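Asker: Next up is a structure, given as structure tokens.
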Amino acid sequence: MAEINVSSENFEAEVLKSDIPVLVDFWAAWCGPCKMLGPVVSQIAEMYDGKIKVAKIDVDANTDLAMEYGVESIPSVKFFKGGEIVAESLGFKPLPQIKQMIDSNI
């Protein structure tokens with residue numbers, strides 16, 4: 001499954017009430033490190049298809065969510081399980097580090 005675009009309108013349904021864990025990538029189009037992380041996030045979505053959901057939130061279009069979840073710097077990746085943040089990562093991280101974060105929290 002490809003990443004899904006999440007906004008304030010569908011955040012609760014797609015992330016907080018998800019039956020499976022959700023990796024959320026807070027990003028912006030103008031952010032260089034976000035562009036570097038994009039392909040890693042896409043790989044994660046393919047590798048964990050059916051096991052986790054991968055969501056992308058544009059912080060420029062969803063400032064309310066960014067503020068609510070304390071996103072002060074991007075890219076910011078948060079891993080939700082049962083509607084709660086169980087792990088998070090700030091800045092660009094290579095695939096093995098993102099996988100480790102997921103694997104230790106699934």
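Computed from the coordinates by the stated procedures, all read-outs in this text should not be read as laboratory data. Because the structure is a prediction, the values reported are computed rather than measured. A quick note on method: Cβ atoms are made from the backbone with ideal geometry, for glycine too, and the neighbour counts reach across all protein chains shown.
Asker: In deg cm²/dmol, rounded to 500, what helix-only [θ] at 222 nm does the chain give when every DSSP H run of at least 4 residues adds -39500 (n - 2.57) and the total is split over its residues?
Answerer: On the way: 3 runs with 31 residues, N = 106.
-8500 deg cm²/dmol, from helical runs alone.
Asker: Nearest 20 debye, what's the magnitude of the dipole of the chain about its Cα centre given +1 on Lys and Arg Cβ and -1 on Asp and Glu Cβ?
Answerer: Working: 9 positive and 16 negative charges, 83 e Å.
Dipole about the Cα centre, nearest 20: 400 debye.
Asker: Under 20 Å between C-alpha atoms is the cut-off here; go through region 4-96 and count lysine pairs that meet it, provided they're at least eight residues apart or on different chains.
Answerer: Number of lysine pairs found: 18.
Asker: For Cα pairs less than 8 Å apart in space and 6+ apart in sequence, what is the mean separation divided by the residue count of region 4-96, i.e. the relative contact order in percent? Write out the running numbers ahead of the final one.
Answerer: Details: 152 pairs, mean separation 37.3, N = 93.
Across region 4-96, relative contact order equals 40 percent.
Asker: How long are the semi-axes of the ellipsoid equivalent to the chain, from square roots of 5 times the Cα gyration tensor eigenvalues, in whole Å, largest first? Don't skip to the end; give the middle numbers.
Answerer: Working: eigenvalues 64, 56, 30 Å².
Largest first, the chain gives 18, 17, 12 Å.
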